[in-house]
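K.L.:
Before I ask anything, let me first share the structure, which is written out below as structure tokens.
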Amino acid sequence: MVDQPLVVNDVPSRIPPSPALSTSSLLAARDLQRSFRIGGRRIEVLRGISLEIVPGEVAFLVGASGAGKTTLLYTLAGLERPEGGTVEFEGRSLYDLSSREQARVRNDRMGFIFQGYHLLPELTALENVRLPAMMHGSGPTVQELDTRAEALLREMGLGERVHHLPAELSGGEQQRVAIARSLINDPAILFADEPTGNLDSKTGAGVIETLLKLVRERGKTLLVVTHDRGLAERGDRRLEIVDGRLGSAT
Ligand SMILES: Nc1ncnc2c1ncn2[C@@H]1O[C@H](COP(=O)(O)OP(=O)(O)OP(=O)(O)O)[C@@H](O)[C@H]1O
Ligand SMILES: [Mg+2]
């Protein structure tokens, strides 16, 4: 998923000059616009969304099915180019970078957790977790990475599952592996799209508890899309998309 080519639109981008950013923001989106043509109709999904996320913040994004949550998350993470607007991450305008630089930012500075886990089936839990750290030509040795990956898996309660293949793990265990993988490069921000969507509520609650604990302990920034309004109360901020615009509560 993370390696998917960017969706490039046929509509030329309208990039307005971005106002000065507050130096404290990690991620700043300005006036994001995105529409899709479905049948003969054009649907405006993002209608001028602006948003800032500060380091260490835990934000939940809610909204009806089809409201544009995934579209917004992917746009903020550099996975889907908007038709208009800008995304600045760590002071760099994401969509002004080359696709190679964008891929590097995503791999090194961002972590991703998806509803469907996206583990490689032929790799063990340990190998899946260390994979994003193997993209670098230089850096830690495989042994050092294995030590780090195993420590993360242990923190996720998977000390006894390190050498299992995804097919040998339950859904909740697979999602814990995916969370460990998202942290291996010590990213600045984690993006999660319905991370408990495939899990029963009890398993999902356990996975979220572990994720929140790890994120809070490490002072990581987290943006989570969820349908679960109760869960959304657990963050510092709850953002809601309605009619292509963002409202916020709490
Ligand atoms: N690649 C695409 N082509 C056409 N339409 C799309 C595409 N991606 C999203 N859409 C449309 O944009 C709207 C928003 O989709 P999105 O996936 O962002 O919603 P969502 O809030 O994540 O919904 P859900 O809660 O069901 O996951 C929907 O109407 C969807 O059909
Ligand atoms: Mg979605």
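K.L.:
Could you give the longest part of the chain that holds none of the GluC sites (Glu not before Pro) found in DSSP loops with at most 10 neighbouring Cβ atoms within 10 Å?
P.N.:
For GluC sites (Glu not before Pro) (loop position, at most 10 other Cβ atoms within 10 Å), the longest site-free span of the chain is 1-121.
K.L.:
Moving to a separate point now. Can you say what percent of the DSSP beta bridges in the chain, counting only those with both residues inside, are antiparallel? Round to 5.
P.N.:
50
K.L.:
So, one more: Mind checking the dipole of the chain: about its Cα centre, +1 per Lys or Arg Cβ, -1 per Asp or Glu Cβ, Debye to the nearest 20?
P.N.:
Here the size comes out at about 580 debye.
K.L.:
If you don't mind, another one. Using the alpha-carbon centroid of each, what span in Å lies between the stretch 121-199 and the stretch 34-79?
P.N.:
27
K.L.:
Put one equal scatterer on each alpha carbon of the chain, apply the Debye formula with no solvent term, and list log10 I(q)/I(0) at q = 0.08 1/Å to two decimals.
P.N.:
Taking Cα atoms of the chain as identical point scatterers yields -0.31.
A short reminder: the numbers here are calculations on the coordinates, not readings from a lab. All of these numbers come straight from a predicted model, not from anything done at the bench. When we count neighbours, we look across all protein chains shown, and the Cβ atoms used for this are built from the backbone with ideal geometry, even at glycine.
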